[in-house]
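Student: Quick one: this structure, given as structure tokens, is what I'll be asking you about.
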Amino acid sequence: MGNIKIIKSEKTVIEKVEWDNLRFGVFFSDHIYVSEYKDGNWDNGTIKPYGAMDLEPANCTLHYGQTIFEGLKAFPSVKGGVNIFRPEMNGKRMVNSAEAVCIPPYPVDSFVEAVKAIVTMDKQWIPKKRGESLYIRPFSFGTGNFLGVNASDKYNFIIILSPVASYYKEGLNPVKILVETDHVRAVRGGLGNAKTAANYAASMLAGLQAHKKGFSQVLWLDGVQRKYIDEVGAMNIMFVINDELVTPTLEKGNILPGVTRNTVIQLANEAGMKVTEREISIDEVMEAHKDGSLKEVFGTGTAAVISPVGLLQYKGKEMIINDMKIGKYAQKFYDTITGIQYGELEDKHGWNVHLDI
Ligand code: COI
């Protein structure tokens, strides 16, 4: 584990895990990885017991939200050992998120090494069942104590681990999504393509209101014209119109460049499917639903993997998609991605970082 310092926990809380009722992000493993930034440098990092953090009431992040995070997963491979899926891509995205909110970027190679080290340390926390995994949550935040609206001069980079089942209680069954018309998540020039707390805070009220009406989440429209589709918040969104895969472009800078989004696009291209990354309006989706060319809608995300959308509601009008059933494309992408992650299918792209543990 290189130069990483290790302080082992004297006790484990693994017996508290409800392995038959994992849910998402409820249980946390025995250790965390921590690196501290001060005087212009990140230290070598320490693995230490999970526990409460010492924060002063004047901690700048509590007041002004200078914080970013990532999400990636480790899987038990059917061939033995563990596969971590595309950690480098998460490390690179975290660098971009850091730059957006003036956090000194954590180097990508240290990010990958830290992920490998903490997963190795708590390998017994990796669930054994197909469909479950060890969710890896790196995050970084200002640790300065002051009330001026300034970037901090001290930061922490931390990784915690959580054994998880599917993100939505529906699993791979289609979810119901409300197209949001009042609130917006992000605007061009804002923080929409950074994985930072502000975007998630901005989604809470609309999400809560949608939940009360029986929807899993909201689909965000662009913040200016309220016309073009952005993303769901916990996942990117894709449409199959006829046999073409259409998904909102990253060019406007207001949606998250998802790792699963990128993976699906690559797999679809290789399968000879027409893939278009462009602006897509909610009116076009409504029209495609009306004329029968809208075959499937599904979300993509690390936590959600592939989440078929069975119903979209926009301005009181309901669109039932593919009879509320899992579509053939969603199923295929789910099977292929998870097949690679669990080591059942050949990893032609070298997406897995394999650990012989
Ligand atoms: C992820 O897919 O890893 C996410 O971060 C989404 C969500 C749980 C916030």
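Rule-based calculations on the coordinates, nothing more; no lab input. Bear in mind that the values here come from a model prediction, so they are computed numbers and not experimental data. Glycine gets a Cβ as well: all are built from the backbone with ideal geometry, and neighbour counts include every protein chain shown.
Student: Can you give the local net charge around residue 357? Use residues other than it whose beta-carbon is closer than 12 angstrom to its beta-carbon, Lys and Arg +1, Asp and Glu -1. Before the final figure, lay out the partial values.
Tutor: Working: positive: 116, 123; negative: 122, 356.
Counting the neighbours of residue 357, the net charge comes to 0.
Student: Oh, and also: Assign unit charges at the C-beta atoms only (+1 for Lys and Arg, -1 for Asp and Glu), then state the dipole size of the stretch 5-165 relative to its Cα centre in Debye, rounded to the nearest 20.
Tutor: That gives a dipole near 680 debye.
Student: Calculate the FRET efficiency for residue 283 and residue 354 from the Cβ-Cβ distance with a Förster distance of 51 Å, rounded to the nearest 0.05. Can you show the working numbers first?
Tutor: Working: r = 46 Å, r/R0 = 0.90.
Computed FRET efficiency for residue 283 and residue 354 comes out at 0.65.
Student: Nearest 20 debye, what's the magnitude of the dipole of the chain about its Cα centre given +1 on Lys and Arg Cβ and -1 on Asp and Glu Cβ? Write out the running numbers ahead of the final one.
Tutor: Details: 40 positive and 42 negative charges, 105 e Å.
Computed charge dipole of the chain: roughly 500 debye.
Student: Evaluate the distance, in nm, between pseudo-label points positioned 7 Å from the Cα of residue 18 and of residue 205 along their respective Cα→Cβ axes.
Tutor: It works out to 3.3 nm between the two label points.
Student: What are the extents of the Cα atoms of the chain along their three principal axes, in Å, largest first?
Tutor: Its Cα atoms span 61, 52, 35 Å along the three principal axes.
Student: How would you classify the stretch 5-165 from its alpha-carbon gyration tensor, with a ≥ b ≥ c the square roots of the eigenvalues: rounded for a/c under 1.5, else prolate if a/b is greater than b/c, otherwise oblate?
Tutor: Values: a/c = 1.97, a/b = 1.65, b/c = 1.20.
Prolate, since a/c reaches 1.5 and a/b exceeds b/c.
Student: Which of 87, 42, 282 sits closest to the plus end of the dipole of the chain, meaning its Cα is farthest towards the positive end, when Lys and Arg get +1 and Asp and Glu get -1 on the C-beta?
Tutor: Highest projection toward the positive end goes to 282.
Student: Compare 325, 92, 212 in a GNM of the chain, Cα atoms joined below 10 Å, and give the one with the largest fluctuation.
Tutor: Judging by the Gaussian network model, the answer is 212.
Student: Skipping prolines and chain starts, which residues have an amide H placed within reach, meaning under 5 Å, of the one on residue 217, given they are 5 or more residues away or on another chain?
Tutor: So residue 217 has HN proximity to 178.
Student: List the residues, sorted by chain then number, that are 5 or more residues from residue 31 or on another chain and whose placed amide H is less than 5 Å from its amide H.
Tutor: Amide H neighbours of residue 31, under 5 Å, 5+ apart: 50.
Student: Still on this structure: What residues have an amide H closer than 5 Å to that of residue 223, excluding those fewer than 5 places away on the same chain, when H is modeled at 1.01 Å from N in the peptide plane?
Tutor: Answer set, sorted by chain and number: 186, 188.
Student: Quick one: work out the % antiparallel among DSSP beta bridges in the stretch 239-357, nearest 5. Mind dumping the intermediate values first?
Tutor: Numbers: 14 of 19 bridges.
For the stretch 239-357, the DSSP antiparallel bridge percentage is about 75.
Student: Just how far, in whole angstrom, is the stretch 51-89 from the stretch 164-238 if you go by their alpha carbon centroids?
Tutor: The distance from the Cα centre of the stretch 164-238 to that of the stretch 51-89 comes to 21 Å.
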